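Some notes on the structure that comes next.
The values are calculated or read from the model by the stated rules, or taken from the named source; none is laboratory data. Just so we're clear, the structure is a prediction, and the values are computed from it rather than from any experiment. Because the Cβ atoms are built from the backbone with ideal geometry, glycine has one as well, and the counts that use them run over all protein chains shown.
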Amino acid sequence: MRLTEIEEAMQAGVLGKGAEWAIAYQKRVGEFFEAENFAEIRFAHMITDAETLGASGLAFLEEMAEMPAEDRRLRTLAIVDSRGFDDRAFERLLPGKPLVGDTQRAIDALGRMGAMKAHGYFNNHSVPLPAFGESCAFSGTPTVVYANAMVGVRCNFEAGPSAIAAMLTGRVPRYGFHLDVSRRGTDYFKLEGKPSNTADWGAVGAIIGRQLASYWKVPVIDGIAERPDAISLNHLALCLASYGSHAMFHVVGVTPEARDAQDAFGDPPPEPTVVTQADIDAFHREYDGDGETLDVVALGAPQLTMPEVYTVAETLAGRPVHDRTTLLVYTPLEIKEACQRTGIAQQIEDAGGLLVHGPDFFATFAKEIRETKGWTRLMTQSVKTANITEGYGYQPVAASLADCIESAVAGRIVRTA
Amino acid sequence: MSVITGHKGIGGQVRGIALVASDNFSTRYDLDRERGIFSRRSHKLFGENYVGRVLILNAAKGGVASAWMLREMVINEKAPLALLLNDANPVMAQGAAFAELPFMHRFETDITQAIQTGDTVLVDPQAGRVTVE
């Protein structure tokens, strides 16, 4: 890789041990992907939770935070997602287990290094939105895919250590979706099905993601009958990432680099693959469990927006959640507090639901909770949650938010449509 | 003995027994990292112990979690000896570079077809070469 003067200084250790480690690490990754040079970034954003970090990741962060200030100086705006940990909720979910400490320790270590502690992702607008065409370093896959496709930001997946390296150097290796040529469409899909809720849009992302299953492929989705809202597109995006490892896609007429199919591909589009309603229905049937008793409803991934939390309360309409079912509603702390101010949180809790802030269900001890509670049947409005919790031994079903709530009230899996 | 070339990878040379499937791979979605086995029922390697094996799969999938997890697995001695994929993503490369786990991708042929479970293989990431012995 070609290095600039400042990058050479980092490599030589002149700018501190942190930058020296970071640039060497970034070069290993950059050279693996044949990057020619580095791209300076507007800011770096990192999420962290104890489960992903592990003890060794936490030790790494704390050791870095203990270095002298000149060794760990950050060279870009650095934001760490400090969603906190919901002690009160976890006292109910995993009573008597000491879980709080590790995530907070990691966030505190990054705070000591100079990172700003903010809640949530920029895709729910709680941290600054970058401008079109800027390079950034984000550790959250949902943020990366949304930023690339929906906003036109240039970024790759920059996972934990990589995001920290970007904070220390203020740059990232320029490969993948920093390059115009990589952002063009590679595979064409015509959507004949009519997704009508977040689980359907997630299913579309899962179907395409499974078929392509490559970070480097960029699906172009055309033919949508009805313009999806940002929440639906977020579910499409994070399922493309979750099932296919995708970090970039286009929806013709919706996303900014796809005014038409030719724009998305840079060439005439290839023959499309058709995604039908039958494909979407067949995907949902893989997780079939209609009529079976239900242990838990986990709403999140992405965490619920304020309008979605309102929808939960409105759909419950004062009815209690069934005794055998636990309703967990994951939302950022700010939204939870706003819902407490407006009385919506109380309505959900009076019905027996639990509003949980902090990292999502799948990222906070979902396996331990299943083992402790003896749960198997899970329902969610998020196909991503279904995908991950299946790996943790749950039998998940993804459905509309409304069906999730109806099922929580019935204590068994019901579908109204 | 046959030699398969790929792109220059990460980490040093190792020799071990292959564990192979044509499925994709995520450390978060597919593994019980405490027991060192594949825990996802729908994975072709469900129930298989991957610790100390040269793990060979198709593509990296999923999100950021693998970057921290590979190093944690190495430290806890619950890691594969090396990882070979047809198609890596940045997270897996970032994870392997952080863990210093031997890692290669982009071979001249479908690596999941060229090597069978049980084969002894010599992995040389810096030379971009895998030798089936």
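Okay, here's what the table says:
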| item | result |
| --- | --- |
| Matching option when the condition is more than 22 Å from A:GLU51 (Cβ to Cβ) and surrounded by 15 or more Cβ atoms within 10 Å (Cβ to Cβ), among B:ILE17, B:ILE10, B:ILE37 | B:ILE10 |
| Single match in B:SER22, B:SER2 (criterion: surrounded by fewer than 20 Cβ atoms within 10 Å (Cβ to Cβ), within 12 Å of another protein chain (Cβ to nearest Cβ) and either in contact with a Ser or Thr (Cβ under 8 Å, 6 or more places away or on another chain) or within 25 Å of B:VAL132 (Cα to Cα) (or both)) | B:SER22 |
| Every pair of residues 6+ apart whose Cβ atoms lie under 7 Å, when the first sits in region A:243-258 and is within 12 Å of another protein chain (Cβ to nearest Cβ) while the second is among the hydroxyl-bearing types (Ser, Thr, Tyr) and buried (at least 24 other Cβ atoms within 10 Å of the Cβ) | A:SER245/A:TYR215; A:HIS246/A:TYR215; A:ALA247/A:TYR215 |
| Selection count, region B:25-44, where residues are in contact with an Asp or Glu (Cβ under 6 Å, 6 or more places away or on another chain) and either part of a strand (DSSP E or B) or facing chain A (nearest Cβ under 10 Å) (or both) | 4 |
| Selection count, region A:194-208, where residues are outside any helix (DSSP H, G or I) and buried (at least 21 other Cβ atoms within 10 Å of the Cβ) | 1 |
| Unique residue being crowded, with 17+ Cβ neighbours inside 10 Å, in a helix (DSSP H, G or I) and modelled with pLDDT under 95 when the list is A:GLU51, A:GLU91, A:GLU7, A:GLU70 | A:GLU51 |
| Matching residues in region A:242-262 - criterion: being within 14 Å of A:VAL153 (Cβ to Cβ) and among the hydroxyl-bearing types (Ser, Thr, Tyr) | A:THR255 |
| Meets criteria (small (Gly, Ala, Ser), in a helix (DSSP H, G or I) and in contact with a strand residue (DSSP E or B) (Cβ under 7 Å, 6 or more places away or on another chain)) for A:ALA264 | yes |
| Test: residue in region B:77-84 that is farther than 25 Å from A:PRO161 by Cβ, more than 8 Å from chain A (Cβ to nearest Cβ) and touching a residue at least 12 places away in the same chain (Cβ under 8 Å) | no |
| Test result for B:GLY9, modelled with pLDDT of 90 or more, under 29 Å from A:MET46 (Cα atoms) and within 11 Å of chain A (Cβ to nearest Cβ) | yes |
| Test: residue in region A:96-108 that is in contact with a Gly (Cβ under 8 Å, 6 or more places away or on another chain), within 14 Å of another protein chain (Cβ to nearest Cβ) and among the charged types (D, E, K, R) | no |
| Long-range neighbours under 9 Å by Cβ, at least six apart or interchain, first residue more than 14 Å from chain B (Cβ to nearest Cβ) and surrounded by fewer than 17 Cβ atoms within 10 Å (Cβ to Cβ) within region A:211-236, second aliphatic (A, V, I, L, M) and in a helix (DSSP H, G or I) | A:ALA230/A:MET150 |
| Whichever residue in region A:353-405 is of a type in the set (Ser, Thr, Tyr) and part of a helix (DSSP H, G or I) and, among such residues, is farthest from the chain's Cα centre (by Cα) | A:THR372 |
| Top-ranked residue of region A:263-307 - restricted to ones that are polar (S, T, N, Q) and closer than 26 Å to A:ASN156 by Cβ, ranked as surrounded by the most Cβ atoms within 10 Å (Cβ to Cβ) | A:GLN303 |
